[in-house]
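Q: Would you mind keeping the following structure in view while I ask a few things?
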Amino acid sequence: MTARSRHEEHRASTPLELFFDLCFVVAVAQAGARLVHALTEGHVGTGLAGYAAVFFAIWWAWMNFTWFASAYDTDDALYRVVTLVQITGVLILAAGVPRAFDDGDFTISVIGYIVMRLALTSQWLRAAVSCQDPAERQVCLRYAAGLVVCQLGWVGMLFVPDSARTWVFPLLALAELSVPMLAERHHTTSWHPHHIAERYGLFTLIVLGETVSAATIAVQEALDEHDELGDLLPLAAGGLLIVFAAWWIYFAAPIHDHLSSNRQGFVWGYGHYVVLASAAAIGAGMEVAIEQTVGKAHISAIAAASAVTVPAALFMLTVWALHSRHFKRGAAQQLTLPVSALVILGCTFAGHAAVPLAGAVAAVTVAVGWTLNRRRAERTPAGA
């Protein structure tokens, strides 16, 4: 198992990687469903805390595989089998999401992580054995050691009192985030910028797709039970506009040329926790808004609206901060997304009209951004 070249041409995601991503849909759907239940019952604090913790576990498991595969994907029989074992761990993790979210019981999820970590650690050790460069071998061994130490920490967390987990979990999460930075502080793995950008883009697409699916099912169930088409149509239209705008904004400009070092790569990659979590939360928020409209949620119209507008605004701000701003020129272009995010937040106070209004703002944001880019292209000389 030798490292792939960072300068390899036409590097693209493999069918195995796409299969791996699709299996995460189950876990994302579970996290979204539990968030909906918590918010509709008015348990905002515990709901958001549970969602943040569970989504971190989902996102980090995906991250671990993705960055390793970008550097060492050999696609031989052994690599495929070990990856399928990791997928099994993902499904176990997904099965444990309801318990982790509702009761703080991470036992099943930790078992899923053990399965994934045993497989991934064996991959890093296999890469270490195959390395000819001593520095690269040390990186692989540091990764393997870091995975084992952190996993022992998660197992240990199962035995601490419930009250202590509120601070143990963030500490272990920070330990997880530090492993790549410590492992690659002297020598970097050969992750492929174009491949990494594509992998993140595909996972973002999957999360947005799950958002559309969740909202569609919620509308269907509401119609079956209440037949309130007149109230639901504007809500569904506004939600679709938000999701369509999210897709357009995220893929407006390629990012791979910006990912030229570990510093840019890690900041961009870690920042996607917010991008992906907020994208998935938009779908959960749509379900909350639909349930409030038909009288099934025990919260106000403004609270239900905020379940959509807050993650939508957060998505816009984070996408702007991570990569859109690197391609913007001039105050008008730079301010488009931040100002739109603030306006969408302001839509919250429109109550039942909030989601349609936010959808209209999102659509206008795309139109303004496209117009500004077109004008800039017309003013820029060819070849400049």
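Q: Using the beta-carbon distance between residue 335 and residue 167 and R0 = 56 Å, what value does 1/(1 + (r/R0)^6) give for FRET efficiency, to the nearest 0.05?
A: The calculated FRET efficiency here is 0.90.
Q: Right, here's the next one. Determine the distance separating the Cα centre of the range 107-148 from the Cα centre of the range 252-329; give it in Å without decimals.
A: Rounded to whole Å, the Cα centres lie 31 Å apart.
Q: A further question on this structure: Heavy atoms only, probe 1.4 Å: what % of the accessible area of the chain goes to carbon and sulfur, would you let me know?
A: 67
Q: Would the range 100-248 count as rounded, prolate or oblate if I go by the C-alpha gyration tensor, calling it rounded below 1.5 in a/c and otherwise prolate when a/b exceeds b/c, oblate otherwise?
A: It comes out oblate by the Cα gyration axes.
Q: Exactly which trypsin sites (Lys or Arg not before Pro) in the range 163-200 are in a DSSP loop and have at most 15 other Cβ atoms within 10 Å?
A: 185
Q: Answer with one residue from 134, 46, 281: the one whose Cα lies farthest towards the positive end of the charge dipole of the chain, charges on Cβ with Lys, Arg +1 and Asp, Glu -1.
A: Value: 134.
Q: Same structure again: Would you mind computing, in nm to one decimal, how far apart the modelled labels at residue 91 and residue 185 are, each placed 7 Å from Cα along Cα→Cβ?
A: It is 4.0 nm.
Q: Let me ask something else. What full-extension length gain, to one decimal in nm, is calculated for residue 262 and residue 296 as 0.36 nm per residue of separation minus the Cα-Cα distance?
A: Contour length minus the Cα-Cα distance gives 7.5 nm.
Q: Also: Tell me whether the chain comes out rounded, prolate or oblate; compute the Cα gyration tensor, take square roots of the eigenvalues as a ≥ b ≥ c, and use a/c under 1.5 as the rounded threshold.
A: In terms of gyration-tensor shape, oblate.
Q: Where only protein heavy atoms count, and the probe is 1.4 Å, what is the accessible area per residue for the range 305-369 in Å²?
A: Each residue of the range 305-369 exposes 39 Å² on average to a 1.4 Å probe.
Q: Can I ask one more? How much accessible area does residue 59 have with a 1.4 Å probe, in Å² rounded to the nearest 10?
A: Result for residue 59: roughly 10 Å² accessible.
Q: If R₀ is 30 angstrom, what is the calculated FRET efficiency for the pair residue 178 and residue 352, using the beta carbon separation as r and rounding to 0.05?
A: For residue 178 and residue 352, the calculated efficiency is 0.10.
Q: Another question about this same structure. Rounded to the nearest 500 deg cm²/dmol, what is the calculated helix-only ellipticity per residue at 222 nm for the chain, with -39500 (n - 2.57) per DSSP H run of length n ≥ 4?
A: -27500 deg cm²/dmol
The values are calculated or read from the model by the stated rules, or taken from the named source; none is laboratory data. What you are looking at is a predicted structure, and each value in this text was computed from that prediction instead of being measured. A quick note on method: Cβ atoms are made from the backbone with ideal geometry, for glycine too, and the neighbour counts reach across all protein chains shown. Please note that ligands, DNA and RNA were not included when accessible areas were found on the heavy atoms of the full protein model with its side chains. Shrake-Rupley method; radii C 1.70, N 1.55, O 1.52, S 1.80 Å.
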